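The values are calculated or read from the model by the stated rules, or taken from the named source; none is laboratory data. These figures come from a predicted structure and were not determined experimentally. Every residue, glycine among them, receives a Cβ derived from its backbone with ideal geometry; neighbour counts consider all protein chains shown.
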Amino acid sequence: MKADTINTIGVIGAGQMGSGIVCVAAVSGFTVILYDLTEALALKGVTYINGVLSKDVAKGKITQDEKQRIMERVRATCRFHELADADFVVEAATENQDIKLTIFKDLDTICRPQVICATNTSSIPIGRIAAATKRPDKVIGMHFMNPVPVMKLVEIIRALPTSQETFDVTWELSLKLGKTPAEAHDYPGFISNRILMPMINEAIYSLYEGVGTRESIDTVMKLGMNHPMGPLALADLIGLDTCLAIMETLYDGFKDSKYRPCPLLRRYVESGWLGRKTGKGFYDYT
């Protein structure tokens, strides 16, 4: 299989990550099948994509006609079997291992044998997901950054069973999507979240222990370390539930106390304060 034989990409999950991946793929000329559990969820993803493209029209990056052609390449569905038409599939469902394993087992039953199945997981071991399928050599991690239409990086993670062909095709596809791929090996958190999440967790500990206010912590990291966004605001953007899930994966994978999730992070998640997507996290977005 070669990347130039890929015409249709299937994306599972119409949340911000999945919809962002669909948007980038459609802009890059691919036909895209966007799947979610219900029609309403799938159409919500289409609305997100329309909004991103409308901003590009307003900025003069694309014309209204170009936007229309891009939108025509997106097919939203709540029927899982339609993913059988895909030449390459990217799973971007919620960061829950059981859900992802079920999805990959189901993909095995409908996807053609040569189809590569990639996961956008932030931290779950790729080998564990691959082992749930009958095509472990064709399973790979393809970790996009948020927001997908803006961020250039795609972290490519190969598990032990991942074939060289699968890796090469995924790398080339990333380039076709206008992204810059970087290779990581299959350890908890890969490269990005093994470094990023402990920093965010430590920022939460700093707030928890009264070292500084949320504004002070974020200001220090923005102006002192030249980060574009403070770690607490970034946690709100990512989703505090996702941050907690990744920290728990790191803690479980390494059994090292430096990865222990901050109790304040857990309290926020248990209270339903998940960040921007719920209107409240470390900051109030209502």
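Considering only the stretch 247-275, how many residues are more than 23 Å from G210 (Cα to Cα) and among the hydrophobic types (A, V, I, L, M, F, W, C)? Working first, answer last.
The first filter runs over the stretch 247-275 and keeps only residues more than 23 Å from G210 (Cα to Cα), leaving 248-256.
Next, only the ones that are among the hydrophobic types (A, V, I, L, M, F, W, C) stay: 250, 254.
So the count comes out to 2.
Quick one: which residue in T47, T31, T38, T63 is out of contact with any helix residue (DSSP H, G or I) (no Cβ under 8 Å at 6 or more places or on another chain), more than 25 Å from T278 (Cα to Cα) and polar (S, T, N, Q)?
Going through T47, T31, T38, T63 in turn, just one is out of contact with any helix residue (DSSP H, G or I) (no Cβ under 8 Å at 6 or more places or on another chain), more than 25 Å from T278 (Cα to Cα) and polar (S, T, N, Q): T31.
Can you name every residue in the stretch 140-154 that is touching a residue at least 60 places away in the same chain (Cβ under 8 Å) and among the β-branched types (V, I, T)? Passing the criteria: only V148. Based on this model, can you work out whether N201 counts as buried (at least 21 other Cβ atoms within 10 Å of the Cβ) and either touching a residue at least 24 places away in the same chain (Cβ under 8 Å) or over 21 Å from K280 (Cβ atoms) (or both)? For N201, the condition - buried (at least 21 other Cβ atoms within 10 Å of the Cβ) and either touching a residue at least 24 places away in the same chain (Cβ under 8 Å) or over 21 Å from K280 (Cβ atoms) (or both) - is met. When the stretch 261-275 is filtered for residues that are surrounded by fewer than 17 Cβ atoms within 10 Å (Cβ to Cβ), out of contact with any Ser or Thr (no Cβ under 8 Å at 6 or more places or on another chain) and more than 15 Å from E202 (Cα to Cα), the ones remaining, listed by number, are R267, E270, S271.
In this structure, D256 does satisfy being modelled with pLDDT of 95 or more, over 30 Å from I9 (Cβ atoms) and of a type in the set (D, E). Residues in the stretch 8-64 that are β-branched (V, I, T), assigned to a helix (DSSP H, G or I) and under 20 Å from E82 (Cβ atoms): I21, V22, V46, T47, I49.
Scanning the stretch 92-117 for residues that are in contact with a Phe, Trp or Tyr (Cβ under 7 Å, 6 or more places away or on another chain) and in contact (Cβ under 8 Å) with a residue 40 or more places away in the chain yields a single hit, I116.
Tallying residues that are surrounded by fewer than 17 Cβ atoms within 10 Å (Cβ to Cβ) and closer than 10 Å to N201 by Cα within the stretch 251-260 yields 2.
So, in the stretch 77-118, of the ones that are part of a helix (DSSP H, G or I) and among the basic types (K, R), which residue ends up nearest to the chain's Cα centre (by Cα)? Among those residues, the one meeting the criterion is K100. Against the test of being outside the structural domain of P113 (by TED's automatic domain parsing), part of a helix (DSSP H, G or I), crowded, with 20+ Cβ neighbours inside 10 Å and over 16 Å from the mean Cα position of the chain (by Cα), the options L207, L223 yield a single qualifying residue, L207.
K176 passes every criterion in (1) more than 24 Å from the chain's Cα centre (by Cα); (2) not assigned by TED's automatic domain parsing to the domain that holds Y251 apart from (1). On the given criteria, is V154 touching a Lys or Arg at 6+ places or on another chain (Cβ under 9 Å), of a type outside the set (S, T, Y) and not in a helix (DSSP H, G or I)? It is true that V154 is touching a Lys or Arg at 6+ places or on another chain (Cβ under 9 Å), of a type outside the set (S, T, Y) and not in a helix (DSSP H, G or I). Taking the residues in the stretch 93-140 that are more than 24 Å from E82 (Cβ to Cβ) and β-branched (V, I, T) as candidates, determine which candidate is surrounded by the fewest Cβ atoms within 10 Å (Cβ to Cβ). If we take residues in the stretch 93-140 being more than 24 Å from E82 (Cβ to Cβ) and β-branched (V, I, T), then I124 is surrounded by the fewest Cβ atoms within 10 Å (Cβ to Cβ).
Just to be sure, is R73 among the basic types (K, R), in the same structural domain as C23 (by TED's automatic domain parsing), within 15 Å of V27 (Cα to Cα) and touching a residue at least 24 places away in the same chain (Cβ under 8 Å)?
Details: among the basic types (K, R): yes; in the same structural domain as C23 (by TED's automatic domain parsing): yes; within 15 Å of V27 (Cα to Cα): yes; touching a residue at least 24 places away in the same chain (Cβ under 8 Å): yes.
It is true that R73 is among the basic types (K, R), in the same structural domain as C23 (by TED's automatic domain parsing), within 15 Å of V27 (Cα to Cα) and touching a residue at least 24 places away in the same chain (Cβ under 8 Å).
Might you let me know whether the stretch 52-64 holds any residue that is in contact with a strand residue (DSSP E or B) (Cβ under 8 Å, 6 or more places away or on another chain) and under 21 Å from L177 (Cβ atoms)?
Checked the stretch 52-64: no residue is in contact with a strand residue (DSSP E or B) (Cβ under 8 Å, 6 or more places away or on another chain) and under 21 Å from L177 (Cβ atoms).
Quick check on the stretch 262-269. Is at least one of its residues without any contact (Cβ under 8 Å) to a residue 40 or more places away in the chain and of a type in the set (A, V, I, L, M)?
Of all residues in the stretch 262-269, those without any contact (Cβ under 8 Å) to a residue 40 or more places away in the chain come to 266-269.
In the following step, the residues that additionally are of a type in the set (A, V, I, L, M) were identified as 269.
Yes, the conditions are met somewhere in the stretch 262-269.
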